[in-house]
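Read the structure below first, then the notes.
Laboratory data are not the source of any read-out in this text; all were calculated from the coordinates shown. Everything quoted here is computed from the prediction, not taken from an experiment. Cβ: placed from backbone, ideal geometry, glycine included. Neighbour counts: every protein chain shown.
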Amino acid sequence: MLTLISTIASFATAGLPKLLELFQDKSDKKHELNVMEAQKSKELALIAQGYIAQAKVEEFKTEQVLMQTNAEERSALYAHDMEIGKGASQWVINARAMVRPALTYGMFLLLLFIDVAGFAYAWRMGTPFTETLNLLWDDDTQIIWSSIVAFWFGTQAFSKK
């Protein structure tokens, strides 16, 4: 009998946190809905009063905060990278700095090798130029190459002012 009671009590107490979590979740969702409703009514009141410009200013301020946060995160990442490099030998630092450029150069050389070898093979086999070009410079190759170029030149354009 004691075993049965302890089993039932254990089962009930094991489910109690989930039951409490269910009530808490319901309460949280109700609170979130109330907050969203309040924000919506505030926005509607601002629009009704002609304060659309104020809403735009608030949106701009939010974007500024996000940009500043991103800049701070980037600074923290740079500081972390510099901290990791402390105490390392110069060749390790240089090797770490060359990872991305080496991969890019490797991809370019691989693309060049495959295209030149493929073109030479197609030339020897008498394949028409347009067919050869479509085989060598297909959609997948274009996507890979544009990703590499966009990474290097696109991010560089945004990081400089």
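What is region 98-161 by shape, rounded, prolate or oblate, if you read a ≥ b ≥ c off the alpha carbon gyration tensor as root eigenvalues and call it rounded for a/c under 1.5, prolate for a/b larger than b/c, and oblate otherwise?
Taking the square roots of the gyration eigenvalues as a ≥ b ≥ c, region 98-161 is prolate.
So for region 98-161, taking the charge dipole from beta-carbon charges (+1 Lys/Arg, -1 Asp/Glu), which of ALA122, SER146, LEU135 sits furthest toward the positive end?
SER146
Just how large is the dipole of region 98-161 about the Cα centre, in debye to the nearest 20, putting +1 at every Lys and Arg Cβ and -1 at every Asp and Glu Cβ?
So the magnitude is around 440 debye.
Taking 0.36 nm per intervening residue step and subtracting the Cα-Cα distance, what contour gain separates LYS40 from PHE113 on full extension?
20.3 nm is the gain from fully extending LYS40 to PHE113.
Return the distance in nm (one decimal) between the two label points of a simple spin-label model at ALA150 and MET67, each offset 7 Å from Cα along Cα→Cβ.
Placing both labels 7 Å beyond Cα along the Cβ direction yields 2.2 nm.
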